[in-house]
Amino acid sequence: MRPGRSDDLPRLIELWHEDVRRGRRDCVRDDAYLRRVTAGFDWGAKSRIVEAAGGAFDGAVLVSDRATPLGTITSVDASAARDQPELLNDLTRWGLGLSRAAGAVAAQVWRGHGHTEGLGELGMELVRPWWRMDRGLVGKPVDVSPVDGYRLGDSSRLSRSAWADAHNGAFADHWRFSPRTEEELMTGRRPELSLMALARDGSPAALTLCQVETYSADERPQPVGIISSVGTLPDHRRRGLATWLVAEALVRLRRAGARHASLYVDGLNPTRAFDAYRKLGFDLAFETEVWEATFR
């Protein structure tokens with residue numbers, strides 16, 4: 001086992017694609033995105049690689065972290081070639097040890113349902129199902145029903161400074177909330193795919209952010225429209241705003257060339273948002289299990 005390096009990324013991507021084929025993860029983002037998000041990653045301190053004969057990777061683990069109101073929470077992303085549960089757990093154990101030593105309040109492992117053998121023995125508990133819900137975009141378009149008393153805006157007409165405040169206000173009471181900055185949320189987004197419902201006084205009421213992505217080694221028709229950050233501020237909930245915005249997003253994603261749509265939702269969402277998504281034609285396509293170890 002050795003520390004990782006930035007030039008390991010291409011072989012790591014191959015390992016992650018094998019995870020997708022085996023059902024351990026649902027997808028792998030495109031190479032350009034992965035290069036961008038790992039540009040400042042501390043490979044030497046936060047990753048370990050197990051090499052096989054010939055230079056291929058037998059396994060790898062990367063540990064990332066994010067700030068939350070409760071303290072730092074890490075994500076331990078371990079992969080192993082073929083079926084090697086012992087190696088997978090050894091790599092996960094290393095990530096948990098690093099997380100604890102770095103002062104994290106908790107560490108999480110996100111892995112496909114049915115591929116979590118041994119996590120309980122590492123002191124982790126299953127805390128959440130996390131669902132990817134899919135629907136096609138070919139055929140009759142979805143009906144869009146605006147909500148009385150609100151108007152629709154997108155980032156071509158709204159100030160960039162509004163988006164982080166709206167996002168953080170909508171998600172502040174959600175499980176393991178982590179504040180986001182304007183740069184994190186909006187960099188690289190197409191203005192017409194960033195939607196916000198505005199109250200009569202012009203204040204933000206709800207938002208959803210979308211993008212069109214192409215995934216390799218993926219069974220979905222490509223490209224895929226991703227609907228993310230579907231959130232409603234507390235004073236405006238249970239009025240149908242999320243349903244309106246997601247329906248509008250489907251229309252715009254189809255217009256942008258997407259052939260399929262996916263969104264992610266907490267399987268324990270207290271508002272049962274997944275029921276609204278089912279009414280819009282979405283079905284459960286992939287279940288990730290979120291396991292967590294707490295250190296305080």
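The values are calculated or read from the model by the stated rules, or taken from the named source; none is laboratory data. Note that the structure is a prediction, hence the values are computed from the model and not measured. As a convention, Cβ positions derive from the backbone with ideal geometry for all residues, glycine included, and neighbour counts pool all protein chains shown. Protein only, heavy atoms only, side chains kept; ligands, DNA and RNA dropped before computing areas. Shrake-Rupley method; radii C 1.70, N 1.55, O 1.52, S 1.80 Å.
May I ask you to verify whether Trp131 is more than 22 Å from Glu287 (Cα to Cα) and touching a Ser or Thr at 6+ places or on another chain (Cβ under 8 Å)?
On the way: more than 22 Å from Glu287 (Cα to Cα): no; touching a Ser or Thr at 6+ places or on another chain (Cβ under 8 Å): yes.
Against the criterion (more than 22 Å from Glu287 (Cα to Cα) and touching a Ser or Thr at 6+ places or on another chain (Cβ under 8 Å)), Trp131 does not qualify.
Per this entry, Tyr215 is counted among residues that are within 16 Å of the chain's Cα centre (by Cα) and not in a strand (DSSP E or B).
If I ask for residues that are assigned to a loop (DSSP other than H, G, I, E, B) and either open to solvent by 50 Å² or more (accessible area, probe 1.4 Å) or at pLDDT below 95 (or both), which ones from the stretch 185-202 would you list?
Result: Thr187, Gly188, Arg189, Arg190, Arg200, Asp201, Gly202.
Selection within the stretch 238-275: residues that are free of Cβ contacts under 8 Å to residues at least 12 places away in the same chain and among the charged types (D, E, K, R). The member of this set that is most open to solvent (accessible area, probe 1.4 Å) is Arg255. Determine whether Asp235 is surrounded by fewer than 24 Cβ atoms within 10 Å (Cβ to Cβ), within 20 Å of Arg151 (Cα to Cα) and either of a type in the set (D, E, K, R) or modelled with pLDDT under 95 (or both). Yes, satisfied. When the criteria are applied in full, Ser178 meets the requirement of being in contact (Cβ under 8 Å) with a residue 24 or more places away in the chain, within 14 Å of the chain's Cα centre (by Cα) and open to solvent by less than 60 Å² (accessible area, probe 1.4 Å). Of all the criteria given as (1) in contact with a Pro (Cβ under 8 Å, 6 or more places away or on another chain); (2) open to solvent by 50 Å² or more (accessible area, probe 1.4 Å); (3) not basic (Lys, Arg), the one not satisfied by Glu125 is (1).
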